[in-house]
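The values are calculated or read from the model by the stated rules, or taken from the named source; none is laboratory data. Given the structure is predicted, the values throughout are model-derived calculations rather than measurements. Note that each Cβ is placed from the backbone with ideal geometry, even for glycine, and that neighbours are counted across all protein chains shown. Ligands, DNA and RNA are stripped out before the accessible areas are found, and what is left, the full protein with its side chains, is counted by its heavy atoms. Shrake-Rupley method; radii C 1.70, N 1.55, O 1.52, S 1.80 Å.
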Amino acid sequence: MDISTIALHAGYEPGNGEPRALPIYQSTTFPYDSTDEIASLFDLTSAGHFYSRLSNPTCEATEKKIAALEGGVGALLTSSGQAANFVAIMNVASAGDHIISSSAIYGGTVNLLSVTLKRFGVECSFVSPRATKEEILAEVRPNTMCIFGETVANPALAVLDLETYADAAHEAGVPLIIDNTFPTPALCRPFEWGADIVTHSTTKYIDGHALTVGGVIVDSGKFDWAAPKLADGSPRFASLVTPDESYHGLTYTEAFGEAAYITKARVQLIRDLGCYQSAAVAFILNESLETLPLRMARHVENAQRVAEWLEAHPKVARVNYPGLPSIPDYDLAQKYLPQGSCGVISVVFEGGREQAAKVLDSFEFISQEVHVADSITCALHPATSTHRQLTDEQLMASGVEPGLVRLSCGLESADDIIADLDQALATI
Ligand SMILES: *Cc1c(COP(=O)(O)O)cnc(C)c1O
């Protein structure tokens, strides 16, 4: 089926006389009438909901829909995109381990990987999103447990060479984890290019209406956790292929087959860390997902027109958008994102910090906010917000020019977005 049909039909299938809309199962717990039944749920020998820190029927339906959209065998909702990436990585890495990441990733994830994971004893090496397979493999250590990257980086908009990253990961015997937040499965399904695990900040396009913070992890079910070995011949992913004492010696790959990774993430990390998504949030995501393919088509149509218009404007120094033939990543975007990449554009206005701020302050409906990937067009000027403590020289060194603005094209008419930009640019 086409992605637009999957978005409407996957996950929830009401029976006769049941609600047409996925209900919000607003309940912390789910009773059973025997101790044996509850015991078997705790032993993971039977499946069922019992406490909404681990699973919930509303969340489960939404997880099934997202898994179907990405082409995976299972999904796990989390309380945020940050939680999704943390759990996705820590499901395979432990203190003393090492991971590799593309350097073109979301700022919050840079912090997670380079500062917080380090405190947990996991070290991260960063490589260029354009690294060759040999360059990536040169960073692999005996204790490397995964490789991480973003399909389209927030905010750099670099397009990851998914096949090269997947080849390197598989040659090293580790999974490739891809944060697919910006394209969403409507525009790119990383499993089709060799990724093993996909994550999202659902806060962005999957929600799409600036309502809820959330995240999700999706398992392709394709990675063979038993095959990779350490130098001494023992399994590299021992936590997946040897008994878990917290479940009376259950082995995830034996008990759950291709869903071993995603089941372990739920019953071990989500159980212990408590960062599951709430039913009310999952309900909203399920509704939003129904229109995801439709919305993404409009986001990229608008962004393409706006990017082309900006590129031709005399007061614009530079535009970065993966759909522009003038940019270095255009070829990669054509390969991996033929239907478009996302609605986010970065643009450098002539005149630096003050002029860029003046443009933003002159918008009529374009909203200034610390958010992207929303139904409403919004803009953020890093030099006066997220990066305001930096001098112009420090900004240039971190790759964020003083005149740079991140513009997230919403679902309004492209003519109206361009008209608002036009009148705002007339003020400088
Ligand atoms: C926003 C974002 C995150 C973090 O997600 P939250 O839902 O804000 O925790 C992670 N990755 C990418 C690519 C993002 O854009």
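Return one number: the angle in degrees, 0 to 90 and rounded to the nearest 10, between the long axis of the Cα atoms of helix 162-172 and the longest principal axis of the Cα atoms of the chain.
For helix 162-172, the angle is close to 40 degrees.
Return the equivalent ellipsoid semi-axes of the chain as a descending list in whole Å, where each equals the square root of 5 times an eigenvalue of the C-alpha gyration tensor. Spell out each step's value before the answer.
Details: eigenvalues 291, 140, 65 Å².
Here the semi-axes work out to 38, 26, 18 Å.
To check my understanding: the extent here is largest minus smallest coordinate of the Cα atoms along each principal axis. What are those three numbers for region 282-400, in Å, largest first?
Principal-axis extents of the Cα atoms in region 282-400, largest first: 44, 34, 27 Å.
Could you tally the net charge around Asn302, taking each other residue with its Cβ under 14 Å from the Cβ of Asn302, Lys/Arg +1 and Asp/Glu -1? Let's see the in-between values first.
Numbers: positive: Arg295, Arg298, Arg305; negative: Glu301, Glu308, Asp374, Glu412, Asp415, Asp416, Asp420.
Taking every other residue near Asn302 into account, the sum is -4.
Given bins 5 angstrom wide, list per bin the percent of all Cα-Cα distances in region 162-231, short to long.
In order of increasing distance, the bins hold 3, 17, 24, 20, 14, 10, 6, 3, 1, 0 percent.
Whole-Å semi-axes of region 123-281's equivalent ellipsoid, largest first, each the root of 5 times a Cα gyration tensor eigenvalue? Intermediate results must be reported in sequence, preceding the final value.
Numbers: eigenvalues 134, 112, 30 Å².
Largest first, region 123-281 gives 26, 24, 12 Å.
Order the peptides 33-46, 208-221 from the highest to the lowest mean number of other Cβ atoms within 10 Å of their residues. Working shown, then result.
Numbers: 33-46: 12.1, 208-221: 23.1.
Result, highest mean Cβ count within 10 Å first: 208-221, 33-46.
Taking a probe of 1.4 Å, how large is the accessible area per residue of region 3-287, in Å²?
Values: 11250 Å² over 285 residues.
Per-residue accessible area for region 3-287 comes out at 39 Å².
May I ask you to give the solvent-accessible area per residue for region 293-425, in square angstrom, as obtained with a 1.4 angstrom probe? It would help to have the intermediate numbers written out before the result.
Numbers: 5720 Å² over 133 residues.
Accessible area per residue: 43 Å².
Among Gly399, Pro382, Phe365, which residue has its Cα positioned farthest towards the positive end of the charge dipole of region 293-425, with +1 placed on the Cβ of Lys and Arg, -1 on the Cβ of Asp and Glu, and the dipole taken about the Cα centre?
Projecting each Cα onto the dipole axis, the largest value belongs to Gly399.
Counting DSSP beta bridges with both partners in region 124-240, what percentage is antiparallel, nearest 5?
Working: 7 of 14 bridges.
If we restrict to bridges inside region 124-240, about 50 percent are antiparallel.
Quick query: amide H of Ser201 versus all other amide H atoms, modeled in the peptide plane; which residues come in under 5 Å with a sequence gap of 5 or more or a different chain?
Under 5 Å from the amide H of Ser201: Thr181.
Percent relative contact order of region 293-425, based on C-alpha pairs within less than 8 angstrom and at least six residues apart?
Working: 238 pairs, mean separation 37.9, N = 133.
Worked out over region 293-425, it gives 28 percent.
Would you work out which of His49, Ile24, Phe126 lies farthest towards the positive end of the dipole of region 3-287, given +1 charges on the beta-carbon of Lys and Arg and -1 on that of Asp and Glu, about the Cα centre?
Farthest along the dipole direction, towards plus: Phe126.
Where Lys and Arg each count +1 and Asp and Glu each count -1, what net charge lies around Ala169 among other residues with Cβ under 13 Å from its Cβ?
Values: positive: Lys133, Lys222, Arg236; negative: Glu139, Asp161, Glu163, Asp167, Glu171, Asp196, Asp224.
Counting the neighbours of Ala169, the net charge comes to -4.
Mind pulling the angle between the C-alpha long axis of helix 81-90 and the longest principal axis of the chain? Nearest 10 degrees, somewhere in 0 to 90.
Approximately 50 degrees, to the nearest 10.
Given a 1.4 angstrom probe, I'd like the percentage of the accessible area of the chain that is carbon and sulfur, rounded to a whole number. Kindly include the intermediate steps, with their values, before the conclusion.
On the way: 9320 of 17510 Å².
So the carbon and sulfur contribution to the accessible surface is 53 percent.
Give, as a single signed number, the net charge of other residues whose beta carbon lies under 14 Å from the beta carbon of Tyr247, with Lys and Arg counted +1 and Asp and Glu -1. Mind showing how you got there, number by number?
Details: positive: Lys264, Arg266, Arg271; negative: Asp43, Asp244, Glu245, Glu254, Asp272.
Summing Lys/Arg as +1 and Asp/Glu as -1 gives -2.
Name the most mobile residue of Pro228, Pro190, Pro142, meaning the one with the largest mean-square fluctuation, in a Gaussian network model of the chain with Cα contacts below 10 Å.
In the Gaussian network model the winner is Pro142.
Report, in degrees rounded to the nearest 10, the 0 to 90 angle that the Cα long axis of helix 57-70 makes with the longest principal axis of the chain.
Once rounded, one gets 60 degrees.
Count the DSSP beta bridges whose two residues both fall in the chain, then state the antiparallel fraction as a percent rounded to the nearest 5.
Values: 27 of 45 bridges.
Of all bridge pairs located within the chain, approximately 60 percent are antiparallel.
Considering the chain as a Gaussian network with a 10 Å cut-off on Cα pairs, which listed residue, Gln277, Gln334, Gln304, attains the greatest mean-square fluctuation?
Among Gln277, Gln334, Gln304, the largest mean-square fluctuation in the Gaussian network model of the chain belongs to Gln334.
Leaving out same-chain residues fewer than 8 places away, which lysines sit with a Cα under 18 Å from that of Lys65?
Correct list for Lys65: Lys204.
Loop-only trypsin sites (Lys or Arg not before Pro) in region 316-417, please: DSSP not H, G, I, E or B, and at most 13 other Cβ atoms within 10 Å. Walk me through the intermediate numbers first.
Working: sites: Arg318, Lys335, Arg353, Lys358, Arg388, Arg406; in loops: Arg388.
Sparse-neighbourhood loop trypsin sites (Lys or Arg not before Pro): Arg388.
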